[in-house]
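Take a look at the structure below.
The values are calculated or read from the model by the stated rules, or taken from the named source; none is laboratory data. Just so you know, these numbers come straight off a predicted model, no measurement behind them. Glycine gets a Cβ as well: all are built from the backbone with ideal geometry, and neighbour counts include every protein chain shown. SASA here: full protein model, heavy atoms, side chains in, ligands and nucleic acids out. Shrake-Rupley method; radii C 1.70, N 1.55, O 1.52, S 1.80 Å.
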Amino acid sequence: MRQVFSILVNNHAGVLSHVSGLFARRGYNIESIAAGPTENPEATRIVIVAFGEEETLEQIAHQLRKLYDVLEVEQLQYNRSVTRELVLATVSADADKRTEVLQIANAFGANIVNITDNTVTLEASGNDHKTRILIKALERYGISNMARTGMIALPFDEMTDEWEPLA
Amino acid sequence: MELSGSQIVIEELKANGVEIAFGIPGGAIMPFYDEIMKSEFPHILTRHEQGATHMADGYARVSGKVAAVITTSGPGATNTITGLCNAQMDSSPIVAITGQVATPTIGTDAFQEADTYGCSIPVTKHNWLVKDVRELQGVVREAVRVATTGRPGPVVIDFPKDVQVAMTEYNPLEKTETALSAEPVFRIPEPDTKAIERLLEELERSEKPVIIAGAGIIKGGAAAELAEFARSAEIPVINTLLGMGGFPGSDPLFLGMPGMHGTAYANMALCECDLLINLGGRFDDRVTGKVAEFAPGATIVHVDIDAAELGKRVETDIPILADVRDVLALLNTQARKKDRQAWLGKVEAWKRDYPLQYDWDGSIKPQYVIEQIQEVSEGEGTYISGVGQHQMWAAQYLRFNEPNSWVSSGGLGTMGFGLPASIGAKVGRPDREVWLIDGDGSFSMSLVELATAATYNIPVKIAILNNNYLGMVRQWQELFFEKRYSHVHFPKSPDFAKIAEGYGVRGFDVKDVDQVRSTLEQAAEIDGPVVMNFHVNQEENVWPMVPSGAGNHEMQLGPQSTEKLT
Ligand SMILES: Cc1ncc(C[n+]2csc(CCOP(=O)(O)OP(=O)(O)O)c2C)c(N)n1
C-alpha cells in the first residue's frame, strides 16, 4: 500500500538524514520526499510518500515518533487531507502538434513556461490524480525532460473532495 | 564566567551525574583530554575503543548510572560502532564523546576525519555534531537525559577540536533545567485504564496464565512489584535472556528462559497457556520461534514503554503503552486471587519430568563449571558472559536472585563483550564479585583488556570454557550442515593462562575435572583479576533446542531423547 506521511520536525541540522535514513535502513521504499519551512520558524514539515505493507508502515510511524527531533507524525488519509505536487515537463511538440499540447495544458490549468520550435515546457500543479493523468496524456507526445517536487500535503479536519490515489 | 568547550563538557557531565569515563586519547580530542587531567575527572584508559563502550555498557547495566566514552576522531570513533550498536539493541545508556577535526576542515577528508555523525545515526538513540561552543551546555544535558530516560540507549556527541578550545560564557543550571528549546521527548503515558480493566478481566477468566518478564522489569526497577504480583496471583514467570534477575531464580514459580535454548518447561508453558503477559520484553525471534505457532491458545498482553515494540512481531490482544512498574503497581492493588492449582501442578510436573540435564563422562562439562561458579560465589556475584554456547549454559544454569546481577549481550550477540563488560560491571558495583563466563572465541576478541584489568587492579574472575571451537556455530553445523565443520576449529588454542601471566594477571590451566572446584575457590580468594582456562568437553551441545525458524513446540530435548514436545 501507498502512504503519505506528514512529519513535523525540529529545524535542526541532520534531521533529514535521521528521517530518510530510517526508511532506508528498514528497507522501506520512498517514492517522494519534500521538505520545507512551516508557519513555525523552528519547525520543518517533511512529506514522504512510501510503499509497503500496512503493518510495516504502521511500524515506521512508530519508529519515526521515537526520533528525537520528530515532533509529530501523521499518516494522511486522502479524504482528510489536501495533497499537491508541482511538475515541470518539456514535451516534444512540433508546429503540427503544438496546439494539441497547449490544449491539454489548458485543460489541466498548466502554465506554459517556455516554447521552442519543437518543444513546449509547462508547469502544472495538482493532486496525485491530476498530475498522473496529465503526465500520461503528455507521454503520447514524448516528454524529454521532467522534474517533480514530490508531494506536499496538509491534514484537514473535515472531509475533503480529494481523489483516491491511483494504485 | 568564561569557560572553554572542554571545561563546559566536564562541568556538565559532573552536574548531570556522569561520574566516570572510559576511553583513549588521540589528536582530535587532545584539548579535552588535557581538561580531563586538569579537572581530575575519573577516567579509565582502555586498550581499544570498543572495549571502552562495552565497559560503559556493563557499568550502566549493573549500576543504573551512565558513563562517558571518550575517543579521538576517525578510527577512535569508528571503533565505537559495535559497542554503540550493542547498547542500542539492549537499551543500555552510554554518552560517547568523539573528537572531530576542526570545523573549517570538516568535509575535506582531513587526517583522521570520519563522518561520525552519519556513521552513528543507525546505532544511537540520538546524536549531535556540535559546531558552536554556545550549544554545548544544552547538548550535554540533553545527551545525558536522552540516554537515560524512557527506553535507555546510547548517544554520541561529536566534538570538533576547535570547539573544544573555544571560549564562551557559562552559567551552571539546575539539574532539571534543559537549556534547549526542544520539548521533552519520550513522555511516558499513564497506563490506559480500559486496557488494565481488560487485563484484569482476562486474568479472572484465565485458567493457565504465564508471565514473560523482559529487561524492562530491570530497567524499570520493577522487580519487587513483579515478585509481589506473580506470588500473590500465583502465575509462573519466564525470564528472557536479558530479563534474568528480574524475578528470583530460586522462586518455585520461576520457569527459566523461553525460546531457542529455553527450558522445556518454559516452552511447554508458552505452548499451553491461555493468557500470556509480556512485561517489558520485546518478543525477540529467539524467544518466539515461528511467530505463527507462538503461544497459539493465548490471549496476549504486552506492556512496554516503547510504542514501536507493541505489535511489532506478535499480534497482541491487549497492548499497554506504559511503564511496567506503574502497571504492576495497579495490578497489585486490583488483581484478585484465583485458584489455579491444576495449572501450577501441571507446570510443576513439567519441571520435574523435563529438567535441564547433562551427562557425565569424566571430561569437564561446561555446565558443571557453571554450577560450581554458582556455588563458590553463593549466587551473590555479578555474572557476565560472552556470546555462544557458554552464554546459553550460563543463562540456563546460573540462578539470579537480584536484578542487575547478570550482564550479557542479547540483541546483537557481540562476541568480545564479556571481558570489557566485566571490567565496567566491577567499576559500577565494586561491592560485588564479578564472574565472567566466556568462550575461547569470544575471549580472544577482546582479551587485550586484560591489560586494563591489570593496570587498575580490577578483580574480575574469568572462566574460559575452552572447547577449541566456535562452539555455537559448530553445534549448528553439526545439526543442520551434516557435521561439515567449516572454519570453526581452533586446533592451536593459545595458552590463555600464560597469556594472562604475560599481562600480569594470575592464570590457571585446568584440564582435570577434579581441579575445577579448587581452582574457582582459589580464584575467589585472589585480590585481583584471574584467568581460568577450563579445557571443557569439545563437542558438548546446548539443549534443549528449537531449530531456527521452527515453532517452540518442535523443541528437541537432546541426543538422548528423540521425544518431541507435541
Ligand atoms: C563478533 C561476532 N562474530 C561472530 C559471531 C557469530 N558467532 C556466534 S556464537 C559464535 C561462537 C562463539 O564461540 P566461543 O566464544 O568460543 O563460545 P562457545 O560457543 O564455544 O561457547 C560465533 C562465531 C558473533 N556472535 N559475534
By residue number, the members of segment B:430-446 that are within 15 Å of the ligand (Cβ to nearest atom) and open to solvent by 30 Å² or more (accessible area, probe 1.4 Å) are B:SER444, B:MET445
Restricting to segment A:17-40, and then to whatever is farther than 19 Å from B:ARG151 by Cβ and within 11 Å of chain B (Cβ to nearest Cβ), can you tell me which residue is surrounded by the most Cβ atoms within 10 Å (Cβ to Cβ)? A:VAL19
Please tell me if A:ILE30 is out of contact with any helix residue (DSSP H, G or I) (no Cβ under 6 Å at 6 or more places or on another chain), without any contact (Cβ under 8 Å) to a residue 60 or more places away in the chain and more than 30 Å from B:GLU135 (Cα to Cα). no
Within segment A:42-56, how many residues turn out to be touching a Lys or Arg at 6+ places or on another chain (Cβ under 9 Å), more than 12 Å from every other protein chain (Cβ to nearest Cβ) and without any contact (Cβ under 8 Å) to a residue 60 or more places away in the chain? 3
Confirm whether B:GLU272 is free of Cβ contacts under 8 Å to residues at least 40 places away in the same chain and surrounded by fewer than 21 Cβ atoms within 10 Å (Cβ to Cβ). no
Let me spell it out: the conditions are (1) away from the ligand (no atom under 15 Å from the Cβ); (2) assigned to a loop (DSSP other than H, G, I, E, B), and B:ASN332 meets all of them except one. Which number is the exception? (2)
Output yes when any residue across segment B:376-397 is within 16 Å of the ligand (Cβ to nearest atom), assigned to a loop (DSSP other than H, G, I, E, B) and polar (S, T, N, Q), and no when none is. no
Tell me, which helices (runs of 4 or more DSSP H) lie completely within segment B:103-180 with 1 or more residues that are within 14 Å of chain A (Cβ to nearest Cβ), of a type outside the set (Lys, Arg) and touching a Pro at 6+ places or on another chain (Cβ under 7 Å)? B:136-148
Given the conditions (1) under 27 Å from the mean Cα position of the chain (by Cα); (2) among the β-branched types (Val, Ile, Thr); (3) surrounded by fewer than 24 Cβ atoms within 10 Å (Cβ to Cβ), report the number of the one that B:THR116 does not fulfil. (3)
When you go through B:ILE458, B:ILE526 one by one, which is the residue that is loosely packed, with under 15 Cβ neighbours inside 10 Å and of a type in the set (A, V, I, L, M)? B:ILE526
Subset of segment A:86-104 [outside any helix (DSSP H, G or I) and surrounded by 20 or more Cβ atoms within 10 Å (Cβ to Cβ)]: A:VAL87, A:ALA89, A:VAL91, A:ALA93
Filtered residues of segment B:30-49 (kept if of a type outside the set (A, V, I, L, M, F, W, C) and either open to solvent by 80 Å² or more (accessible area, probe 1.4 Å) or over 14 Å from B:THR72 (Cα atoms) (or both)): B:GLU35, B:LYS38, B:SER39, B:GLU40, B:PRO42, B:HIS43, B:ARG47
I'm told A:PHE5 meets every condition in (1) away from chain B (no Cβ under 11 Å); (2) closer than 23 Å to A:TYR78 by Cβ; (3) open to solvent by 20 Å² or more (accessible area, probe 1.4 Å); (4) not β-branched (Val, Ile, Thr) except one. Can you identify the failing condition by its number? (3)
Within segment B:414-429, the residues that are open to solvent by less than 30 Å² (accessible area, probe 1.4 Å) and not in a helix (DSSP H, G or I) are B:THR414, B:GLY416, B:PHE417
Might you check whether a residue that is β-branched (Val, Ile, Thr) and open to solvent by 10 Å² or more (accessible area, probe 1.4 Å) occurs anywhere in segment B:380-403? yes
Sole residue being buried (at least 24 other Cβ atoms within 10 Å of the Cβ) and in contact (Cβ under 8 Å) with a residue 60 or more places away in the chain, chosen from B:ALA213, B:ALA233: B:ALA213
For segment B:25-79, what are the residues that are more than 23 Å from B:VAL130 (Cα to Cα) and not in a helix (DSSP H, G or I)? B:GLU40, B:PRO42, B:ILE44, B:LEU45, B:THR46, B:ARG47, B:HIS48, B:GLY64, B:LYS65
With the condition kept exactly as written, say whether any residue in segment B:298-311 is more than 14 Å from chain A (Cβ to nearest Cβ) and either in a loop (DSSP other than H, G, I, E, B) or within 13 Å of B:THR240 (Cβ to Cβ) (or both). yes
Any chance you could count how many residues in segment B:403-429 are of a type in the set (Lys, Arg) and either touching a helix residue (DSSP H, G or I) at 6+ places or on another chain (Cβ under 7 Å) or within 12 Å of the ligand (Cβ to nearest atom) (or both)? 1
How many residues does segment B:15-36 contain that are within 21 Å of B:HIS54 (Cα to Cα) and charged (D, E, K, R)? 1
More than 16 Å from the ligand (Cβ to nearest atom), open to solvent by less than 40 Å² (accessible area, probe 1.4 Å) and touching an Asp or Glu at 6+ places or on another chain (Cβ under 8 Å) - does that describe any residue in segment B:347-365? no
